[in-house]
Amino acid sequence: MARTRRAVRKMPPSETDRILALMDTVPTLDPFTPPTSSSSDGGMTRRGLLRAGVLTGGGLVAVAVAACAKPAGVGWTLGPTATSGTAAAVASPSAAPAATSGAATAAPSAAMSHAPTTSAAPTAADHDANAKAGVDRFLGGEAASYPIGNQPLEPRIENGVKVFEMTIDEIEHRIDAVLPPVKALGYNGMWPGPRLTVTQGDKVRAVFKNNLKESTGVHFHGQRLPNAMDGVPHITQEPIPAGGSFTYEFTAKTVGSHMYHSHHNATDQVGRGLLGAFIVEPADPAKRYDQLYGASQDIVWISNDTLGGFTINGRGFPATAPIVAKLGDKIVIRFMNEGQMTHPWHLHGVPMRVVARDGYPLGAAAFTCDTLGVNPGERWDVVIDCDEPGAWAFHCHILQHAEGMDGMYGMVTALVVQDAAAAVNLQRAGAPAFACVIPAKV
């Protein structure tokens, strides 16, 4: 500012005075200043509640990762507005007001506020009650209420070619059990789209039928492709018109974690759900994660931050499912950022070993961390040794993407490391049991 003022003072006095007066009226903006709120947890902390609940919940099984923020339509803000006495309304889906008819529309091009909401801060009692209500929904298995996207799609084989049949559809998508559905897009009617897995050297044919009322195109992000198959309308192909189809054919060359998504009106279409995972396994089985690291789970984690706010695999806390593993397991998580913001993923309790970036193994450059920033378009693969029992928070550490005046929301889930002996001891001690039955596939 001092340098700018010196430059301004070289102007004629009247002009200098006018500009300096204007500069002095401009407020200092700090978009990441957190809201003022109570840090009290009113007895049992959220982490303690999760630990007691999950370790005694015998119904917890291996699950998908899914987390998202509250959709707030056009002009949404990062944090949900705190309201006094709302805990009863969100304690369970059945207690919530009836959803409005039709789906809510959220335009990704709408102005977004990066500042916390300006509502008065809740009292400590309100915050604790609302936060606990969200945790209770999470532990109650709200994620099990919905069809899970990101499911493996088995190809059919035609003359040695792996063929994937895909549709591009308008869908109504639920972010959680309380909020009304949003008007979204999906491959094969789901967000994220089906998980496509092939082996290095496979010949691939992906046929996309466009059921939208608008044109589109599909790009296989991270793959080395023939130019005509790169999926950028007006550069390598004409747009796929409404009602039309396009067939992408290539040999899978680039090993690792990749994505497929729209590359036509992409801010809008990817933001509304046209995204999915494309995994190329190494031709050598010894280099695959189950054999290389002894991984018992291979989890795809796709983040987005447009329609519906801050999402992981199209859902949001409390409609997220914990990642559940047994003590001593090794698991792999493939982080994929399809959004427009960086998200630093932070895992409590145990570190992450980062082994690949954008599909390429890091080898001797692999490193260990507990917080990993993932930029838009990037993919990072991590290995986690589940050697500490308990329910460990797992969230974006831009705190306005994860927690607000009503407690946790958005990009939050948990890694649950089960210890059978500890669970039995807690049950004998009379700890509360939270059942959470989740589909086993990720």
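With the requirement that a residue be touching a helix residue (DSSP H, G or I) at 6+ places or on another chain (Cβ under 9 Å), open to solvent by 30 Å² or more (accessible area, probe 1.4 Å) and under 21 Å from Thr167 (Cβ atoms), what does segment 248-274 give you?
Passing the criteria: Glu249, His263.
Being in contact with a Cys (Cβ under 6 Å, 6 or more places away or on another chain) and either touching a residue at least 12 places away in the same chain (Cβ under 8 Å) or closer than 14 Å to Trp301 by Cα (or both) narrows it down to one residue among Ala356, Ala325, Ala366; which is it?
Exactly one of Ala356, Ala325, Ala366 is in contact with a Cys (Cβ under 6 Å, 6 or more places away or on another chain) and either touching a residue at least 12 places away in the same chain (Cβ under 8 Å) or closer than 14 Å to Trp301 by Cα (or both), namely Ala325.
Out of curiosity, is Cys386 open to solvent by less than 30 Å² (accessible area, probe 1.4 Å), at pLDDT 95 or above and closer than 19 Å to Ile323 by Cα?
yes
So, in segment 332-370, of the ones that are part of a loop (DSSP other than H, G, I, E, B) and on the phi > 0 side of the Ramachandran plot, which residue ends up least open to solvent (accessible area, probe 1.4 Å)?
Gly359
The values are calculated or read from the model by the stated rules, or taken from the named source; none is laboratory data. Predicted model only: the values in this text are computed from it and were never measured. Cβ coordinates were reconstructed from backbone atoms using ideal geometry, including for glycine residues, and neighbour counts include every protein chain displayed. Keep in mind that these areas ignore ligands, DNA and RNA; they rest on the heavy atoms of the full protein, side chains included. Shrake-Rupley method; radii C 1.70, N 1.55, O 1.52, S 1.80 Å.
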